[in-house]
Amino acid sequence: MHAVGIVAAAGSGLRLGAELPKALVPLGGRPLVCWAVQSLRDGGVDEVVVAVPGPQQAAFAAVLPDDVQVVVGGDTRTASVRAALAAAREHADAVLVHDAARPLTPPEVVARVLAALVAGAAAVVPVLPVVDTTVLVDAEGVVTADVPRAPLRRVQTPQGFDRATLVAAYGRAHGAATEFTDDASVVRAAGIPVHTVAGDERAAKITVAHDLALAELQVAR
Ligand code: C5P
């Protein structure tokens, strides 16, 4: 199987409060995007395409390895992945879409996703259980219902797909009013079942400054 990795790195990182786009923020002295590319490669991905913010295209190209393809992303994550998917070579049979914001994803998670694709899944996501009590609230923040947590899962990346399935699903989703927060939801909207493999707490997403501080502690050990 030939697998292309797509790294969505075109976000601004406003919630992190950094001057730089989030994917260029250093962790252990290396930009987040470089960690994400490395874990895809270490997990078995053959080539990588990274979607970046247009104004910083040169800055990304300067820090990424020469054999990584850099494309300009879009206003939403979906638009960024769509741009990278268009640039991914057609000879690939599998696509793994990963967030630059998950720099410490262990290569074993990537390998589990690839193995599920090899075993025949058309779409697969790494997931973790929900450990907190989970509730619904109304507009005033008052609890209106308990949500049974046993069947709930938190979805991580990289998310793996049969390439043709993902391309077709993105084609169908074009112009849809729905805002998709990940690629599995694009594929599910096209009626394709999405399988799961075990995720990993270390693949946590860096969103706010506290997340980055925790990641720094992990790489300093
Ligand atoms: O904003 P959020 O943390 O959910 O973004 C998840 C990933 O999607 C990040 O790695 C971010 O760089 C990427 N993204 C993107 N294009 C956008 C918005 C977010 O590639 N327009």
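Of all the accessible heavy-atom surface of the chain, with the other protein chains kept in place and a 1.4 Å probe, what percent is carbon and sulfur?
On the way: 5990 of 10840 Å².
Whole-percent figure for carbon plus sulfur exposure: 55.
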Q) Given that compact globular proteins tend to follow 2.2 N^0.38 Å, what is the ratio of the alpha-carbon Rg of segment 117-221 to that value? A) 1.32
(Q) What Kirkwood Rh does segment 3-220 have if only Cα atoms enter the pairwise 1/r average? Answer in Å. (A) 17.8
Q) L217 versus V130, label points 7 Å from Cα toward the beta carbon: distance in nm? A) 2.6
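Counting only helical runs of four or more DSSP H residues, what would the 222 nm mean residue ellipticity of the chain come to if each run contributes -39,500 (n - 2.57) and the total is spread over all its residues?
So the calculated ellipticity at 222 nm is -9500 deg cm²/dmol.
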Q) After finding the eigenvalues of the alpha carbon gyration tensor for segment 157-212, what semi-axes result from the square roots of 5 times each, listed largest first in whole Å? A) 25, 15, 8
Q | Cut-off 12 Å, label 7 Å out along Cα→Cβ of R202, residues of segment 91-117 by amide N | A | 103-110
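Distances longer than 22 Å among the Cα atoms of segment 49-164: what percent of all pairs is that?
Summing the P(r) of segment 49-164 above 22 Å gives 50 percent of all pairs.
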Q. Could you give the distance between the Cα centres of segment 90-114 and segment 23-63, to the whole Å?
A. 13
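The values are calculated or read from the model by the stated rules, or taken from the named source; none is laboratory data. Everything numeric in this text was worked out from a predicted model, so none of it was measured. Please note: Cβ atoms are built from the backbone with ideal geometry, for glycine as well, and neighbour counts cover all protein chains shown. Heads up: the accessible areas ignore ligands, DNA and RNA and are worked out on the full protein's heavy atoms, side chains in. Shrake-Rupley method; radii C 1.70, N 1.55, O 1.52, S 1.80 Å.
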